[in-house]
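Colleague: Structure incoming, see below.
Derivation of every value follows stated rules applied to the coordinates shown; laboratory data play no part. Since the structure is predicted, the reported quantities are computational estimates derived from the model, not experimental observations. Don't worry about glycine lacking a Cβ; one is built from the backbone with ideal geometry, like all the others, and counts go over all protein chains shown.
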Amino acid sequence: MPIHFEDVDVASEVEGLRSALIVPCNLCPAVTVATRENRPFLRFFRSPVKSAPFEAHLERLRSRLGEKGVRTKVFRSRLYHQWFMCMWTSRRRKKLEKEAKSHDAVIVLGCDSSRETVCDAVPAGVKVIEGMKTTGIMNGRLRFRLPGDLFFDQCKVVPISQQKVAKGH
């Protein structure tokens, strides 16, 4: 199942910045938002490659940042194989690097692995901001409902166990 997130208030992090590139992983954060809003994750016959709840979430984030005077752009990944940021090809990472050069910061919406992908790709001097915090793994049922809605129900968040390393091992 997907990783579950809580939003992070990035207002203090963007203070004094002119522009930010929002870089979302399109699976786990989108499932989190759709589940939180009790809406379909995907609607295959309306928008097969966009999660409407997540798109609305991105627009709300852009609006809040715009009110703070921060110009924003979303780094889009429309192809299914590009949805998992942690598995991006070197070509996709190069495209992010090129796009990030024209922004003061990059806001990552995804897990620690997504953040690492972004940190490795963006040039020095571009601030990397975490826009979501991992809270656990979602456990639920993937459901399909006519006329083509894919959604998750009966979801609960299972905390991620922290491994304890004994000294000397």
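Colleague: Which residue, Thr135, Thr72, Thr89, has the most motion in a Gaussian network model of the chain that connects Cα atoms within less than 10 Å?
Modeller: Answer for the Gaussian network model of the chain: Thr89.
Colleague: When the Cα centres of segment 23-82 and segment 94-117 are compared, how far apart do they sit, in Å?
Modeller: Rounded to whole Å, the Cα centres lie 16 Å apart.
Colleague: Could you quote the convex hull projected area for segment 108-149, Cα atoms only and averaged over all directions, in nm²?
Modeller: Numbers: hull surface 18.7 nm².
That works out to 4.7 nm².
Colleague: So what is the 222 nm mean residue ellipticity for the chain from helices alone, if each DSSP H run of at least 4 adds -39500 (n - 2.57) and you divide by all residues, rounding to the nearest 500 deg cm²/dmol?
Modeller: Details: 4 runs with 46 residues, N = 169.
So the calculated ellipticity at 222 nm is -8500 deg cm²/dmol.
Colleague: Let me ask you something else. Checking the cross-link filter: which aspartates and glutamates have an alpha carbon closer than 15 Å to that of Lys94, excluding same-chain neighbours under 8 positions apart?
Modeller: Within the straight-line limit of under 15 Å, Lys94 reaches these aspartates and glutamates: Glu116, Asp120.
Colleague: For the chain, modelled as a Gaussian network with Cα springs under 10 Å, which listed residue fluctuates most, Lys98, Lys50, Lys133?
Modeller: Between Lys98, Lys50, Lys133, it is Lys98 that shows the largest mean-square fluctuation.
Colleague: Assuming a viscosity of 0.692 mPa s and a temperature of 37 °C, what translational diffusion coefficient in µm² per second does Stokes-Einstein assign to segment 3-158, Rh being the Kirkwood radius over Cα pairs?
Modeller: Numbers: Rh = 16.0 Å.
Value of D from the Cα-based Kirkwood radius: 205 µm²/s.
Colleague: Could you work out how much longer the chain between Gln154 and Lys95 gets when fully extended? Use 0.36 nm per residue separation minus the Cα distance between them, nm to one decimal.
Modeller: Values: separation 59, 0.36 × 59 = 21.24 nm, distance 3.79 nm.
Result for the pair: 17.5 nm of gain on full extension.
Colleague: Which entries in the list Lys133/Lys156; Lys73/Lys127; Lys95/Lys156; Lys73/Lys98; Lys73/Lys133; Lys68/Lys101 go over 25 Å, if you measure between the two C-alpha atoms of each?
Modeller: Details: Lys133/Lys156 17 Å; Lys73/Lys127 15 Å; Lys95/Lys156 36 Å; Lys73/Lys98 14 Å; Lys73/Lys133 21 Å; Lys68/Lys101 21 Å.
Listed pairs above 25 Å: Lys95/Lys156.
Colleague: Name the residue, out of Glu37, Glu130, Glu97, whose mean-square fluctuation peaks in a Gaussian network model built on the chain with Cα pairs under 10 Å.
Modeller: Its mean-square fluctuation being the largest, the pick is Glu37.
Colleague: Rounded to the nearest 20 debye, what is the charge dipole size of segment 43-169 about its Cα centre when +1 sits on each Lys and Arg Cβ and -1 on each Asp and Glu Cβ? All intermediate terms of the calculation are to be shown ahead of the outcome.
Modeller: Working: 27 positive and 12 negative charges, 48 e Å.
The dipole magnitude comes to about 220 debye.
Colleague: Next up: How would Thr35, Thr117 line up from fewest to most surrounding beta-carbon atoms within 10 angstrom? All intermediate terms of the calculation are to be shown ahead of the outcome.
Modeller: Values: Thr35 20, Thr117 23.
The most exposed by this proxy come first: Thr35, Thr117.
Colleague: Full-extension gain between Ser113 and Arg46, please, as 0.36 nm times their residue separation minus the C-alpha to C-alpha distance. Please report the intermediate quantities before stating the final value.
Modeller: Working: separation 67, 0.36 × 67 = 24.12 nm, distance 3.07 nm.
Net length gain for the segment: 21.1 nm.
Colleague: Moving to a separate point now. Just the number: Rg to Rh for segment 82-169, Cα atoms, Kirkwood Rh, two decimals.
Modeller: On the way: Rg = 17.6 Å, Rh = 15.9 Å.
Ratio of gyration radius to Kirkwood radius: 1.10.
Colleague: Subtracting the Cα-Cα distance from 0.36 nm times the residue separation, let me have the gained length for Arg141 to Glu37 in nm, one decimal. Don't skip to the answer; put the middle values down first.
Modeller: Working: separation 104, 0.36 × 104 = 37.44 nm, distance 1.59 nm.
Separation in residues times 0.36 nm, less the Cα-Cα distance, equals 35.9 nm.
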